[in-house]
Ligand SMILES: *Cc1c(COP(=O)(O)O)cnc(C)c1O
């Protein structure tokens, strides 16, 4: 096993242990975040069975997709979506995790190729208003979810957030708990929403304990980014 594969196996084990401890065995999965990593690193993890990969920048992702076209991978866009990138986002990704405004909904649906399954969409929430610039306000989630659900070419899958990295565990906990509450509310109107994307290298076990079903991990898999 290469270093990458050893780290991958160890992260998968920790994810499973945290999900089991939370009473949801098998209830959390790994998104490998590969911004700044070469396509070769993705290929190594794919060889270890990893399918879902997250990229922050559309151009960087497209270049790697071209080199890895022989693999059957699931690509998530996890960086802020600019309106002039809606077309590539809809055409070239399986998931968009960062929808945060209603006026991008129609262009995304318009550009989603008819031959592909609907684009999976997570609504990004700015859960720590003071810290983050991306994401909608918590009170905007309902209307945005309705707009996505009304589009047959899009599939509303849930919520995503990047909570501020408060050193204080209590504040981090409060942000995770607010996301969990929003997710429960969302599921009342949209029972098909099954994904809460929360948790990164430093806090994924805590996030799973708070209900995360998808954790986005870069550094803990690959080491520090160049
Ligand atoms: C970079 C990034 C991650 C991964 O962060 P690590 O701390 O390296 O695990 C997760 N989510 C988003 C949105 C990111 O931009």
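The values are calculated or read from the model by the stated rules, or taken from the named source; none is laboratory data. On a predicted model such as this, the values are computed, not experimentally measured, just so you know. Positions of Cβ are generated from backbone atoms using ideal geometry, with glycine treated the same way; all protein chains shown enter the neighbour counts.
All of (1) within 16 Å of the ligand (Cβ to nearest atom); (2) touching a helix residue (DSSP H, G or I) at 6+ places or on another chain (Cβ under 6 Å); (3) over 29 Å from residue 140 (Cα atoms) hold for residue 42 with one exception: (2).
Give the residue, chosen from 163, 152, that is assigned to a loop (DSSP other than H, G, I, E, B), within 14 Å of the ligand (Cβ to nearest atom) and touching a residue at least 12 places away in the same chain (Cβ under 8 Å).
Numbers: 152 fails: within 14 Å of the ligand (Cβ to nearest atom).
Of the residues listed, the single one that is assigned to a loop (DSSP other than H, G, I, E, B), within 14 Å of the ligand (Cβ to nearest atom) and touching a residue at least 12 places away in the same chain (Cβ under 8 Å) is 163.
On the basis of being in a helix (DSSP H, G or I), modelled with pLDDT of 95 or more and loosely packed, with under 14 Cβ neighbours inside 10 Å, does residue 63 make the cut? Working first, answer last.
Working: in a helix (DSSP H, G or I): yes; modelled with pLDDT of 95 or more: yes; loosely packed, with under 14 Cβ neighbours inside 10 Å: yes.
Answer is yes for this residue.
Within the stretch 108-115, not a single residue is out of contact with any strand residue (DSSP E or B) (no Cβ under 8 Å at 6 or more places or on another chain), modelled with pLDDT under 95, closer than 24 Å to residue 177 by Cα and assigned to a loop (DSSP other than H, G, I, E, B). Please work out if residue 119 is closer than 25 Å to residue 30 by Cβ, buried (at least 17 other Cβ atoms within 10 Å of the Cβ) and within 14 Å of the ligand (Cβ to nearest atom). No, not satisfied.
Taking only the stretch 58-91 into account, find how many residues are more than 21 Å from residue 108 (Cβ to Cβ) and within 16 Å of the ligand (Cβ to nearest atom). Break it down into steps so the answer makes sense when it comes.
Initially, the stretch 58-91 is screened for residues more than 21 Å from residue 108 (Cβ to Cβ), giving 63-64, 66-72.
From what's left, within 16 Å of the ligand (Cβ to nearest atom): 64.
Matching residues across the stretch 58-91 total 1.
For residue 182, the stated conditions hold: it is surrounded by 19 or more Cβ atoms within 10 Å (Cβ to Cβ), more than 16 Å from the ligand (Cβ to nearest atom) and assigned to a helix (DSSP H, G or I). Within the stretch 15-39, residues that are over 14 Å from residue 201 (Cα atoms) have Cβ atoms under 6 Å from residues that are at pLDDT below 95 and surrounded by 15 or more Cβ atoms within 10 Å (Cβ to Cβ) in these pairs: 37/222, counting only partners at least 6 apart in sequence or on another chain.
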